[in-house]
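These notes concern the structure reproduced below.
Values in this text are rule-based calculations from the coordinates and carry no lab data. Please read these numbers as outputs of a predicted model, since none were measured by experiment. Methodologically, a virtual Cβ is constructed for each residue, glycine included, from the backbone with ideal geometry; neighbour enumeration extends over all protein chains shown.
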Amino acid sequence: MATQIIPLASLRKMRIHIRGVLTLPALENSPNAALAADSTPATLGDLVNMFQAPTAMDGGGEDAPNVEGRWFVSSINPGDALLQLKGLTVKSGWRLVPYLLRTPDGGVGHICAVPEDNSTTTALVSALPDDGEWHYPPYPKGSMSHTMMALEGDRSSASYMIASMLLREMKEFGATGKDQQFTHHRMIDSIPNQLKWRWKGKTPKNLSPKVKVTETGAAVEFYSCRTQKPYALFHHLDIYSEGTYMPESKDDAVAVVAD
C-alpha cells in the first residue's frame, strides 16, 4: 500500500493536544510549592486545580500528593487525549490510570491500563507500594502488562501516528529534570541549517512524517531535533503488528553537531 505523508503542522498540533491533556495540576506537579502558596486562587486555572486534587487540599493522607518519594494517584484522565483525535480509542471496559512520584529535586510518572471494574479509588490506592522505590510503580489488580494494549482503532494512518505520539508522551508523563527526554525533541521535516551536522550514515532524502499501512500492520516514521545539549537529530520508527497498537520502537540519533 502507498505511504501517506502526515503534514508536520498536523503532527505538531496533535502533540500539543496530547501534552495539554497530560499537563499536571500545580498541586500534583510541585506539591510543596502549591500548598505553601496563598490559598486564594489567583486565576481561573488555579481555581480549577484546587478541585482536581481534593484529597491533598483536605489535608490528605498517605495517598495525597507529596514530595516524600511516595507514589500517589494523579487526578488527570489520560484517555481524554483521544476524545478529539479520531481513529484511536481506549477499549471498552478499560481505563488509563496515572500515578506520580515526587521528591524535592525531581519526579517521575506512570500510566497503566486498568479494568474499569477495578478502577475505584480504593482499588487504585491499595496498589500503592509501601516504600518509596520509584523503580516499582503501582500496578492495580488486573492491569495490562503494557498500556498500549488497551487501545483499539480503525487501522487508519492517522490512528497509528496518534498511537506513536501518545506512546512517547505517556512515557514522558510526570518526568522532571534528567528524566525528561522526548520533551526536548521538536519534530522536523527538513534538516535544521542553524548547525552543522555530522551524520552517522547516509543523509536521509525525505524527513517528512509518514505512515505505511499494510495487510500485516503498519510502520510509522518521523524525525526530530533535540533542542538541548547534546544537540542531535533523531530518527523514530515504530513497527505495528496486525491487530495491535503496541509497536516495536526505535529512537536513534542519526546526526550530531560537528566539532
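On full extension, the segment bounded by S241 and L195 gains 12.8 nm, given 0.36 nm per residue less the C-alpha separation. Fewest neighbouring Cβ atoms within 10 Å first, the residues H184, H110, H135 line up as H135, H184, H110.
In units of the compact-protein estimate 2.2 N^0.38 Å, segment 68-128 shows a Cα radius of gyration of 1.25.
From largest to smallest, the equivalent ellipsoid semi-axes obtained for segment 213-253 from the alpha-carbon gyration tensor read 27, 8, 6 Å.
Using a cutoff of 8 angstrom between alpha carbon atoms and counting only pairs six or more residues apart, the relative contact order for the chain works out to 18 percent.
What ratio of Cα Rg to 2.2 N^0.38 Å holds for segment 124-259? Taking the Cα Rg and dividing by 2.2 N^0.38 Å, one obtains 1.24. Using a cutoff of 8 angstrom between alpha carbon atoms and counting only pairs six or more residues apart, the relative contact order for segment 208-259 works out to 29 percent. Annotation: extensible slack from S145 through K13 equals 44.6 nm (criterion: 0.36 nm per residue apart, minus Cα-Cα distance). Extending 7 Å from Cα along the Cβ direction at D154 and again at S126 yields two label points whose distance is 4.0 nm.
Given Cα pairs under 8 Å that are at least 6 residues apart, what percent is the relative contact order of segment 112-259?
Once divided by the residue count of segment 112-259, the mean separation gives 19 percent.
Between K212 and Q180, the FRET efficiency estimated from the beta carbon spacing at R0 = 25 angstrom works out to 0.25. Mean-square fluctuations from a GNM of the chain, with a 10 angstrom spring cutoff on Cα atoms, peak among P247, P65, P192 at P192.
Counting Lys and Arg as +1 and Asp and Glu as -1, what is the net charge of the other residues whose Cβ lies under 14 Å from the Cβ of V254?
Result for the neighbourhood of V254: +3.
Based on Cα atoms of the chain, Rg over Rh with Rh as the Kirkwood radius reads 1.00. Out of every Cα-Cα pair that segment 96-155 contains, those further apart than 18 angstrom amount to 38 percent. Cβ-to-Cβ counts within 10 Å put T183, T89, T122 in ascending order as T122, T183, T89, the fewest first.
Neighbours of Y231, meaning other residues whose beta-carbon lies under 13 angstrom from its beta-carbon, give a summed charge of +4 when Lys and Arg score +1 and Asp and Glu score -1. Simple rule: put +1 on each Lys or Arg Cβ and -1 on each Asp or Glu Cβ in segment 198-255, find the dipole, and look at F234, W199, V220; the Cα lying farthest toward the positive end is W199.
When the helices in the chain are scored as -39500 (n - 2.57) per DSSP H run of 4 or longer and the sum is shared across all residues, what 222 nm value do you end up with, to the nearest 500 deg cm²/dmol?
Helix contribution divided over all residues of the chain: -6000 deg cm²/dmol.
Counting other C-beta atoms within 10 Å, which of L22, L195, L11 has the fewest, and how do the rest follow?
L195, L11, L22
Projecting the Cα atoms of S208, L166, A26 onto the charge dipole of the chain (Cβ charges, centred on the Cα centre) puts S208 farthest toward the positive pole. When a/c is below 1.5 the answer is rounded, else prolate if a/b is larger than b/c, else oblate, so apply that to segment 186-259 with a ≥ b ≥ c taken from the square roots of the Cα gyration tensor eigenvalues. It is prolate, given that a/c is not under 1.5 and a/b is the larger ratio. Using a simple spin-label model with pseudo-atoms 7 Å out from Cα toward Cβ, D117 and K91 lie 1.4 nm apart. Working from label points 7 Å from Cα in the Cα-to-Cβ sense, the D252 to T227 distance is 2.6 nm.
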